[in-house]
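The values are calculated or read from the model by the stated rules, or taken from the named source; none is laboratory data. Since the structure is predicted, the reported quantities are computational estimates derived from the model, not experimental observations. No Cβ is skipped: glycine too gets one built from the backbone with ideal geometry, and neighbour counts run over all protein chains shown. Quick note on the areas: whole protein, heavy atoms, side chains included, nothing else; ligands and nucleic acids left out. Shrake-Rupley method; radii C 1.70, N 1.55, O 1.52, S 1.80 Å.
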Amino acid sequence: MSAAFRRESPVIRDGDTPPRPHEQVQAFLDSSGSSPDPWSADIATVRADAREKVLAVTGEPSSVASVEPIDADGVPGRLYRPTGAEREVLVWAHGGGWMHGDLDTADGVARALANRAACAVLSIDYRLAPEHPFPAGFDDAWTAITWARRNFGSVAVGGDSSGGNLAAAAALKARDEGVELAAQLLVYPVLDSTEGTDYKVAFQQRYARFAGRPGFGSNSYRRLKHIWETYVPDPAARKASYASPLHAESVGGVAPAAIITAEHDFLRGEAEDYARRLKTAGVPVELDEYAGQIHGFFEMFTVMTDAHHAVGVAGDAVRRAFQSSHPIQPSKEFSCDR
């Protein structure tokens, strides 16, 4: 299991040692079939393919005391309770580029987090683009949080990838509205709509043939560009703080953060940048990087040992947040120096 935080700047340089995937990542990529191009295939095809691939790697779901459908003021969801008597809840937003993913694809993670964090988990089925562009998904996340605050004693928010974006944005809105959240759990979150950052541009070159897959870097760049264009069609709106949390004027006063990243992830740079901003603003933050890992590993319970470890780290952070007034303890190694 690999969970070492890398202290150095995430900026990728041409002279760096060629990136090496974890052996389980290599095996997974070698056995993976191709997917339809998201920028050319119809959305129904993209969603069906993504759903099939996620369900193939999540494995047998963990047992919990109860799972019930919830209407959170118009937002569909599922409420998972590990014992049935929880007064704390984690509102969870699934990943999928704001375009795919659903309650079924999030089921394995929601159950695992509920058991490890010893809290209820409200998994939400927020509206998706392109039918419902920004701010629809964000509005649904905030509506679900508002519902959760009326029905539970304490609320945290979390999500992976695009869901991590919604969680970070909701934490900003909570700060703006004077709403207390116990924590924000951000798993390889999307945080910055800027296309041409040094990290993203260099990623294309360094990861041109990552794990023997030609075009890995450039396809990652094109995919994220398409995702942003679909989620926030108006370029001027992409740097709004609730769309791109990294562009918030201030991050001071937001909920304590636990952030999980993957070494070989196109989004790693912006997650580390956000962690630095949080730390500089005095927000408690934990940052755990999984060496050798790729985007999406968090839900791959049948093929990645690190998935089990990462859910444990995430669940422990949420549990501590609910149990303590000072829940998140920054890593002693964490530095915000460039």
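Taking the Cα atoms of segment 147-219, the ratio Rg/Rh between the radius of gyration and the Kirkwood radius comes to 1.19. Evaluating 6.51 cos²θ - 1.76 cosθ + 1.60 at θ = phi - 60° for every residue in segment 183-200, the Karplus couplings come out as 5, 10, 10, 10, 9, 5, x, 8, 10, 9, 7, 4, 7, x, 5, 4, 4, 5 Hz, glycine and proline recorded as x. Note that the chain presents 41 Å² accessible area per residue, ligands and nucleic acids not counted, probe 1.4 Å. The residues Asp71, Asp49, sorted by heavy-atom accessible surface at 1.4 Å with ligands and nucleic acids left out, run Asp71, Asp49 from largest to smallest.
With all protein chains present, how much of the accessible area of the chain (probe radius 1.4 Å) comes from carbon and sulfur, to the nearest whole percent?
48
In segment 199-338, the alpha-carbon atoms span a convex hull of 138 Å³ per residue.
Summarising the amide proton neighbourhood of Glu286: residues at separation of 5 or more, or on other chains, whose placed amide H is nearer than 5 Å comprise Ala257, Ala258, Ile259. Annotation: peptides 233-246, 94-107, ranked by per-residue average of other Cβ atoms within 10 Å with the highest first, follow the order 94-107, 233-246. Across Arg223, Arg319, the residue with the most accessible area heads the list, and the full order at a 1.4 Å probe is Arg223, Arg319. Evaluate the Debye formula for segment 71-162 with equal point scatterers sitting on the alpha carbons, no solvent, and hand back log10 of I(q)/I(0) at q = 0.14, 0.19, 0.20 Å⁻¹, in q order, two decimals. The Cα Debye sum returns log10 ratios of -0.43, -0.79, -0.87.
The alpha carbon gyration tensor of segment 165-282 gives principal lengths a ≥ b ≥ c with a/c of 1.5 or higher and a/b greater than b/c, which makes the shape prolate. Once all protein chains are placed together, Phe322 keeps about 40 Å² accessible to a 1.4 angstrom probe. Phi angles of segment 290-296 translate, via the Karplus equation with coefficients 6.51, -1.76, 1.60 and θ = phi - 60°, into HN-Hα couplings of 9, 4, x, 8, 10, 4, x Hz per residue; Gly and Pro are given as x. Summary of packing: across the peptides 302-312, 60-70, the per-residue average of other C-beta atoms within 10 Å ranks them, highest first, as 302-312, 60-70.
Our helix-only sum for the chain, with -39,500 (n - 2.57) per DSSP H run of n ≥ 4 divided by its residues, gives a mean residue ellipticity at 222 nm of -12000 deg cm²/dmol. Quick one: Debye curve from the alpha-carbon atoms of the chain only, equal weights, vacuum; give me log10 I(q)/I(0) at q = 0.07, 0.08, 0.10, 0.15 Å⁻¹ to two decimals. Calculated log10 I(q)/I(0) at the listed q: -0.25, -0.32, -0.52, -1.31.
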